[in-house]
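The values are calculated or read from the model by the stated rules, or taken from the named source; none is laboratory data. In this text, all values refer to a predicted model and were calculated from it rather than measured experimentally. Glycine also receives a Cβ, built like all others from the backbone with ideal geometry; neighbour counts cover every protein chain displayed.
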């Protein structure tokens, strides 16, 4: 099935710069990946580069920063966010960040690129990889 056309957002410098829907995280055109260790993150970043992703299409977030940013986003999420899966994912992300996970946000404009990110994330032991589309969210790991 062809992908829904999207307009991906620029890769941000911090989680607070990520697009939201009713205050819940929604970086359309990207895959958000949770990794347990800095080594996993480094290895996956190299693998992405070798697979053709330019560095400006991959952003990293550290656990300490992401805990603060995700907590603030959850505190400020609108009432409508509580009805969507996005808020459930944000709570899960916050727990992963508290457990020390680090994050990669990878721009993936189409189905093939997103599936490849998911394959690499699985290969290198990601705890989670979630693809954000215009109307849907897809768990790749």
> From the list 141, 130, 106, which one is closer than 18 Å to residue 27 by Cα, in a loop (DSSP other than H, G, I, E, B) and in contact with a helix residue (DSSP H, G or I) (Cβ under 7 Å, 6 or more places away or on another chain)?
Replying inline: 141
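Okay, residues lined up against (1) at pLDDT below 90; (2) within 18 Å of residue 97 (Cβ to Cβ):
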position	(1), (2)
20	yes, yes
23	yes, yes
26	yes, yes
33	no, yes
36	no, yes
40	no, yes
44	no, yes
50	no, no
54	no, no
> In the set 123, 48, 94, which member is within 14 Å of the chain's Cα centre (by Cα) and touching a residue at least 24 places away in the same chain (Cβ under 8 Å)?
Replying inline: 94
